[in-house]
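Here is the structure we will look at, set down as C-alpha cells.
The values are calculated or read from the model by the stated rules, or taken from the named source; none is laboratory data. Note that the coordinates shown come from a computational prediction; the quantities given were computed from them, not determined experimentally. All Cβ positions, even for glycine, are placed from backbone atoms using ideal geometry, and neighbour counts span all protein chains on display. Surface accessibility is based on the protein's heavy atoms, side chains included, excluding ligands, DNA and RNA. Shrake-Rupley method; radii C 1.70, N 1.55, O 1.52, S 1.80 Å.
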Amino acid sequence: MRVIVADDAALLREGLQRLLVEAGIDVVGAAGDEPTLLAQVEAARPDVAIVDIRMPPSYTDEGLRAARRIRTDHPGTGVLVLSQHVRVTYALDLFSDGSRGLGYLLKDRVADVAELTAALDQVARGGTVTDPEVVALLVGRAARRPGALDGLTGRERDVLGLMAQGRSNQAVGQRLGISERTVEKHIASLFDKIGLPASPDGHRRVLAVLTFLGLRAGT
C-alpha cells in the first residue's frame, strides 16, 4: 500500500511515517500544509492520503478542503482524515458527497498500529471507516431527540452503531455473537422503522445512517 501523510506537527508526521514503514506500508510522501499535500498526491497517486483536519495557514478546515479536492481530482485515492477532537460537523461535512474510500478517525487511534493499518486497508479498498466515538456521539444525540429512534430494539441499536462504523454484516455478527442472517434481518427491520430504504450498496448505507443520526439529530 502506498500512503502520503499530511500533518502540520512535524513530530506526529515523522512518528506516523515510522509506524507505517515498520508495518510494511510504503510512505511515498509527507506534507505539512495543503498545497504540498495536493502536489504530492498529484505526483505520487497514493492508495491513501492521511490528512489532518487543521493545517496552516488558518488551522481550521484546510484538511477537509484538501480531502474534498483529492476525492474530486483523484477518485482512486482513498482519504483517511484525522481529528484531534470529536467534531460531528466535520464528520458529516466529510461524508456529505459520499463515503466510498473515506475514513474519519481520532488521532488517538494512530497509537494502535493494528487499528490504523486495518483502517487504511479498508479505505484503500473503497470501504468506509468511522471513529467509534463519533458514532457513539451521533447515536447519543439521536437518542435524545424525541422520536428519533423510537421503535428500535436494543439489539437493533447495537447493529445500527456498528453498521455506522463501516463494519460488514459479518463483522457485526461476530461482534454481537449472532449469525450474519440475523444481522440482515435486524438491518432490514431498523431501516423500515426509521424510514430509510435498505440498499445493496453498503457505502451508501453508512452515509444514510450517518446522515440520519447526525443531521436529523441536530449538530
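One table, with the values for the structure above:
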| quantity | calculated |
| --- | --- |
| Tabulated pairs, the stretch 8-29, first open to solvent by less than 60 Å² (accessible area, probe 1.4 Å), second among the aromatic types (F, W, Y), C-beta under 9 angstrom, 6+ apart or interchain | D8/Y59 |
| Filter result for D108 (open to solvent by 30 Å² or more (accessible area, probe 1.4 Å) and among the charged types (D, E, K, R)) | yes |
| Residue match in the stretch 30-42 (condition: more than 20 Å from A10 (Cβ to Cβ) and open to solvent by less than 50 Å² (accessible area, probe 1.4 Å)) | no |
| I4 being touching a residue at least 24 places away in the same chain (Cβ under 8 Å), under 15 Å from V113 (Cβ atoms) and touching a helix residue (DSSP H, G or I) at 6+ places or on another chain (Cβ under 8 Å) | no |
| Residue match in the stretch 43-50 (condition: crowded, with 16+ Cβ neighbours inside 10 Å, charged (D, E, K, R) and in contact with a strand residue (DSSP E or B) (Cβ under 7 Å, 6 or more places away or on another chain)) | yes |
| Selection count, the stretch 163-172, where residues are open to solvent by 40 Å² or more (accessible area, probe 1.4 Å) and either part of a helix (DSSP H, G or I) or basic (K, R) (or both) | 2 |
| All helices (runs of 4 or more DSSP H) inside the stretch 10-127 with 3 or more residues being over 30 Å from N169 (Cα atoms) and of a type outside the set (D, E, K, R) | 10-22, 34-44 |
| Test: residue in the stretch 173-192 that is under 18 Å from the mean Cα position of the chain (by Cα) and either modelled with pLDDT of 75 or more or open to solvent by 50 Å² or more (accessible area, probe 1.4 Å) (or both) | no |
| Identity of the residue in the stretch 111-123, surrounded by fewer than 20 Cβ atoms within 10 Å (Cβ to Cβ) and touching a residue at least 24 places away in the same chain (Cβ under 8 Å), that ends up nearest to G78 (Cα to Cα) | D121 |
| Failed criterion for G147 (all others in (1) modelled with pLDDT of 75 or more; (2) out of contact with any Asp or Glu (no Cβ under 9 Å at 6 or more places or on another chain) hold) | (1) |
